[in-house]
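Asker: This is the structure I have questions about; it appears just below.
Any read-out appearing in this document is the output of simple, stated calculations on the displayed coordinates, not a laboratory observation. Keep in mind the model is a prediction, meaning the values are calculated, not measured. Reconstructed Cβ throughout: ideal geometry from the backbone, glycine too, with neighbour counts over all protein chains shown.
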């Protein structure tokens, strides 16, 4: 869990553009990300905003979560682990062995402390955007999917199809992405986070029920 002393907005509370200074946030973020990561971040933010409009999700929350989802990405892995220890951010044994995954939960902490984001739904979307999890909120699904399909992505299989589904059905899109991700990583590999497997099992059941 991420320990925070700042006050939290109520889950589902609508955000307004006035709640966040996007120009200031983008300027600060650009100082901590390399050029390619910053371009990716912009792609995720705009993709998440478009998806939010398509699915009736809070547009401002989608923009903020998309912009900040990788705010801890360029921190060296050893420093990621050190920061988690210093700020009581729980790290699993798997994450210790694969510290590149830590940027999600550490990013949620940094978003709260350095970017003054106190909305728990936004922070949760940032925290689970790498592995996914069962029973995600629409915002969490949007950020996970936007990270996968933003315009700069071109390596994943079935991207054209998945990009189409992303604007039609979030649960089906989660199933497609998680299935392809596990096939790519090889489901028997020790390099797969159990959270991703659990997420796939959850959305696979929804897929099967639909078909």
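Asker: Could you put 73, 85, 105 in order, starting from the residue whose Cβ has the fewest other Cβ atoms within 10 Å?
Answerer: On the way: 73 20, 85 10, 105 26.
Fewest-to-most ranking of 73, 85, 105: 85, 73, 105.
Asker: Counting only Cα, what are the radius of gyration and maximum Cα-Cα distance Dmax of segment 20-154, in Å?
Answerer: Rg, Dmax (Cα atoms, Å): 13.8, 40.
Asker: Please build a GNM for the chain, connecting alpha carbons under 10 Å apart, and tell me which residue among 49, 72, 90 fluctuates the most.
Answerer: Checking each option, the largest mean-square fluctuation is seen for 90.
Asker: Helix-only mean residue ellipticity at 222 nm, the chain, DSSP H runs n ≥ 4 weighted -39,500 (n - 2.57), per residue, nearest 500. What is it? Could you put the intermediate results ahead of the total?
Answerer: Details: 11 runs with 128 residues, N = 211.
Rounded to the nearest 500, the figure is -18500 deg cm²/dmol.
Asker: Can you give the FRET efficiency to the nearest 0.05 for residue 93 and residue 23, using r as the Cβ-Cβ distance and R₀ = 35 Å?
Answerer: Details: r = 41 Å, r/R0 = 1.16.
Once the sixth-power term is evaluated, E becomes 0.30.
Asker: Moving to a separate point now. Size of segment 111-178 along its principal axes in angstrom, Cα-based, largest extent first?
Answerer: 37, 26, 19
Asker: What ranking do 94-103, 145-154, 75-84 get when scored by the average of other Cβ atoms within 10 Å per residue, highest first? Can you show the working numbers first?
Answerer: Values: 94-103: 16.8, 145-154: 19.1, 75-84: 15.2.
Final packing ranking: 145-154, 94-103, 75-84.
Asker: Taking springs between alpha-carbon atoms closer than 10 angstrom, which of 123, 59, 106 fluctuates most in the Gaussian network model of the chain?
Answerer: Between 123, 59, 106, it is 59 that shows the largest mean-square fluctuation.
Asker: List 121, 26, 86 from most exposed to least, where exposure is judged by having the fewest other Cβ atoms within 10 Å.
Answerer: Values: 121 21, 26 14, 86 8.
Least crowded to most crowded, the residues run 86, 26, 121.
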